[in-house]
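The next block holds one structure in the form of structure tokens; read it before the comments.
Values in this text are rule-based calculations from the coordinates and carry no lab data. Bear in mind that the values here come from a model prediction, so they are computed numbers and not experimental data. Cβ sites come from the backbone with ideal geometry, for glycine too, and all protein chains shown count toward neighbours.
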Amino acid sequence: MHVKCYWFSISVVLCYNVSERIYRKGEQSGVKQKLLLIDGNSILNRAFYGLPDMTNSQGLHTNAILGFLNIMFKFLEEENPTHLAVAFDLKAPTFRHKMFADYKGTRKGMPDELQEQVPVIREVLKAMNIPLMMEEGYEADDLLGTMSVLGEQAGFEVKIVSGDRDLLQLATKKVQIRIPKTNRAGTVVEDYYEDDVLEKYQVTPKEFIDVKALMGDTSDNIPGIPGIGEKTATKLIKEFQSIENAYAHIDEVKPNRAKNNLQEYYDQGVMSKELATIKLDSPIDISFDDAKLGDLYTKEAYHMLKELEFKAILKRFDGEEQEDLEVKIKEIIDLAEAEDIFAKAVKKKEAGISIYKENDAMWVALNTEGEEVYLFSCEGFGFITQDFLYEKIDDLYDNIGYVAMMEVKEHLSHLTIHEMTKSIFDVSLAAYLVNPLKSTYEYDDIARDYKSMMLPSKKELIDKKHPMVTDGVLSDAGKKIMGYEAYISREAIQPLSDKLTELEMMDLYREIEIPTMFALHDMEVRGIHVDSKALKGYGDQLVGRIEELQESIYKEAGEEFNINSPKQLGVVLFDHMKLEGAKKTKTGYSTSVEVLEKIEHLYPIIPMILEYRQLTKLKSTYADGLANFIQDDQRIHGKFNQTITATGRISSTEPNLQNIPIRMELGRAIRKVFLPEEGYIFLDADYSQIELRVLAHLSQDEKLIHAYEENQDIHARTASEVFGIPMDEVTSTQRRDAKAVNFGIIYGLSAFGLSQDLKISRKQAQEYIDRYFAMYPRVKEFLDGEVEKGKTDGYVKTMFNRIRPIPELKSSNFMQRNFGERVAMNSPIQGTAADIIKIAMVRVNMKLKEKQMKSRLLLQIHDELLIETHLDEFEEVKEILQNEMMNAVSLRVPLNIDIEQGASWYEAK
């Protein structure tokens, strides 16, 4: 039975009779009835602006949907309602729009990024069996108002969740309005029954309408009465209870301005009241039975949330069988049977493999066709050994067209395959190249993106309570994960190969990325030697300087306080010391680097604080942090990640050796603890200005090319042109400023950004940029052209066809678009430089191995290679570095390198 009401006067009576019958049915069951109503548009809007911009792998914006669902689940858990419904506006003109088209009809449209999420959240809610209240010609608040009246009349306890304070007019003794507010501490909720409204706003919920009508609301296009603000409006309604009564006693209205304006604009005030009044007799096309809360966690909802990539929310589906695929796992423990299966497998065209090791146990999953997966167990007993399994996997690589695995690098230590093995297909690496913006490339991501399958992720299947392995035995969840990995790896070969071919990235994948994977593995295995005593000494040195700074800061401030507390620091600097440049935030004063650097030259305490921060970070991250990574061989075996950055650069973790500060001496000094073994010396080779050289090549700017061909000082040359002086008269300061311009151009730096860097006016910074582009006109053409390509294609490319998607270019938000334009300018340059250093790294590593030299490549840090060079091979290694790095690729300009040597990384750099 449906509650269908119309706005003529008899409707409320009719609705009451229907709703009462529905309620009594529930009452007889002895269940306490609670109706939760959600203002869909309001909460979606709040979520959109409360969360940072997010997109899934298909480019759909998802932040509002995620935020909405999180808020909804929060209230479901708090309220534990028996009934739930969500109201949305429809695009068609509403009842009130038709009456007052000049006002309500002129509301500002929502951003495109939010608009595209509205139909999606509606579909998600439908999939979760949550009824939607939407009626042509009626606003969501009218539907909420009507449903709240019906619910209260039927005996429900009614809760309305909305960010819109207009709904406070609906509060009664039985209807509560709950308004979520988001701040840095999280989401807090303001709750209002009718008495709460009176206490907070000094008027009743019904009188609240008149207050808004008098004061107006620009966001709702309610004109109100000119000259009457919130304070006067509240005072008038407290005294007269309504606009009409105030007008009836116009002579008693004070002040005179309010009196005169009310008299002149009374009709506008009445119209504003009509606009502000929520209708309580709108048509509702759902019944309370429809709104009864049932199973939210349906398979359809799971699939939609999986596609939206909401992994945290998917955990709520725990225990549900949601996957589209049920792999058939056949466990093999008999050696003869295993031999037979592998013998048949080598005759196939392709295979998918998953390997998992824990202590002395090992498991291998193999899929060659269909959904059947063979699981070979080596759990410390039986005749199937680890050596046997690795030998059989090697045979597969030698005999099959494609052997697909995820994260092949993690298993290279036990396999005999090498860089030139043609059958390697690293699924994770291929998926990364196709879309480098994703955070993970696991089997469920691949299944969703390339096979349209929804599978539970590892995080959904295993956790601390349900581990992969228990007492040396692979769990059922572990078997399922390995089955998925093997099957999806094989199934993804064709679609990923097709996509790489379509995007012209197969050569990049085969000739650069796969060999890079082997070079990175070699570096991880070799590690780099660290002097533990020197590291401790470095930490002690930092402690000494930190303590000196602390005392100096206390003396300058005139008091002791927690320097590490931004709140205490802000109070000391801007309240107690009365420093200029204070910037207030919701939680106090901002003490960010940007704020402090602006006043660094004005107050002696600021440079001390900035140095103190840098040194305490060095202490925790490096002096203390590095010690945790030193292994028994006194070397750190860090990890090099190939699928993290969007530009193609290698990243370093466990520990991060790429972020060692080099601008301050104490930061650089950490490199003193990295030493070569006895009988070796470090050789460090660094590309000289590789990104500027790449820019010269890609832009084909003849002046820039000529400068490099003539081996000119490019920064002095730029300074000469920008400042209009001969090159031999350029000062060191002018050269430094020109260097900032040169590299700023690469990163799409604006006049504002350059003015901040050089501490000059924005006008002067713009003049520098204009002169630069006048000097190098083809650079300007190239950068603008890349932005246009990004807008047209959705991505830009490096010289080797590596793509960098830029969804921000389509954003309606100016700041997002501006960021996208900078990315479009920089990515082809930075990405090409990353490709070149990979090529050089691979060639140097392979040459050292081919010649069976004792010297070995240890680190790749951005544009730098570090070689632990045997003293007997010094000259030969130096020659290899020069040949392989300078000839890694043919550009219009020479690729120059700087080579240094030293008894520590510090000396070599």
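Brief remarks on what is shown
- Stretch gain in nm, segment Thr218-Lys459, where the contour uses 0.36 nm per residue and the Cα spacing is subtracted: 82.1 nm
- Only lysines eight or more places from Lys279 in sequence, or on another chain, were considered; those with a Cα closer than 17 Å are Lys4, Lys98, Lys104, Lys206, Lys212.
- For the chain, a Kirkwood hydrodynamic radius built from all Cα pairs, placed in the Stokes-Einstein relation at 10 °C and 1.306 mPa s, yields a translational diffusion coefficient of 48 µm²/s.
- Spatial extent of segment 625-698: Rg and Dmax, with the Cα atoms as the point set, Å: 15.6, 47
- Cα-centre dipole for segment 762-856 with unit charges at Cβ (Lys and Arg positive, Asp and Glu negative), debye to 20: 660
- Modelled FRET efficiency - R0 51 Å, Lys536 with Asp295, Cβ distances, 0.05 increments: 0.30
- By average C-beta atoms within 10 angstrom, highest first, the peptides 146-156, 662-672, 737-747, 307-317: 146-156, 737-747, 307-317, 662-672
- The order of the peptides 627-637, 469-479, 283-293, 798-808 by mean Cβ neighbours within 10 Å, most packed first, is 798-808, 283-293, 469-479, 627-637.
- Measuring between their Cα centroids, segment 273-313 and segment 460-519 lie 37 Å from each other.
- DSSP beta bridges confined to the chain are antiparallel in about 65 percent of cases.
- Protection proxy ranking of 206-213, 66-73, by the mean of other Cβ atoms within 10 Å over each peptide's residues and highest first, is 206-213, 66-73.
- Length-normalised contact order of segment 330-502 in % [C-alpha pairs under 8 Å, at least 6 apart]: 27
- Estimated at 0.36 nm per residue, the fully extended path between Glu548 and Asn628 surpasses their Cα-Cα distance by 26.1 nm.
- FRET efficiency for the pair Lys639 and Lys703, taken as 1/(1 + (r/R0)^6) with r the Cβ-Cβ distance and R0 = 51 Å, rounds to 0.75.
- Under the simplified labelling scheme, the Asp898-Tyr247 pair shows an inter-label distance of 8.0 nm, with each label point 7 Å from Cα along Cα→Cβ.
- Mean Cα-pair separation over length for segment 694-829, i.e. relative contact order, pairs under 8 Å, 6 or more apart, %: 23
- Electrostatic dipole magnitude of segment 432-546 [Cβ: Lys, Arg +1; Asp, Glu -1; Cα centre; debye, to 20]: 560
- Cβ-based charge dipole, segment 330-502, positive-most Cα from Leu496, His466, Met420: Leu496
- Approximate spin-label separation Lys598-Arg316, in nm, with each point projected 7 Å along Cα-to-Cβ: 4.2
- Taking the convex hull of Cα positions in segment 373-433, its mean projected area over all directions (nm²): 5.0
- Put in line by how crowded their Cβ is, counting other Cβ atoms within 10 Å and starting with the fewest, Asp217, Asp267 read Asp267, Asp217.
- Charged side chains reduced to their Cβ positions (Lys and Arg at +1, Asp and Glu at -1) give the chain a dipole of some 2340 debye around its Cα centre.
- Dividing the summed -39500 (n - 2.57) terms of all DSSP H runs of n ≥ 4 by the residue count of the chain sets its mean residue ellipticity at 222 nm at -14500 deg cm²/dmol.
- Most positive-pole-ward Cα, Tyr266, Ile660, Ile38, against dipole of the chain from beta carbon charges: Tyr266
- Phi angles of segment 281-291 translate, via the Karplus equation with coefficients 6.51, -1.76, 1.60 and θ = phi - 60°, into HN-Hα couplings of 9, 7, x, 10, 9, 10, 9, 5, 5, 4, 7 Hz per residue; Gly and Pro are given as x.
- Among complete DSSP H helices in the chain, none has alpha-carbon atoms stretching at least 27 Å along the helix's long axis together with a mean Kyte-Doolittle hydropathy reaching 1.6.
- Estimated Rh, segment 330-502: Kirkwood, alpha-carbon pairs, angstrom: 16.4
- Once C-alpha pairs closer than 8 Å and six or more residues apart are averaged by separation and normalised to the residue number of the chain, the relative contact order reads 9 percent.
- Virtual spin-label span in nm between Glu876 and Glu729, 7 Å along Cα→Cβ: 5.4
- Relative to one another, the C-alpha centroids of segment 882-909 and segment 40-62 are positioned 46 Å apart.
- Cβ-based exposure ranking for Trp363, Trp905, in which fewest neighbours within 10 Å come first: Trp363, Trp905
- Global geometry of segment 694-829, whether rounded, prolate or oblate, following the gyration tensor of its Cα atoms and the 1.5 cut on a/c: oblate
- Lys/Arg +1, Asp/Glu -1 at C-beta; the chain dipole; positive extreme among His576, Ala707, Tyr772: His576
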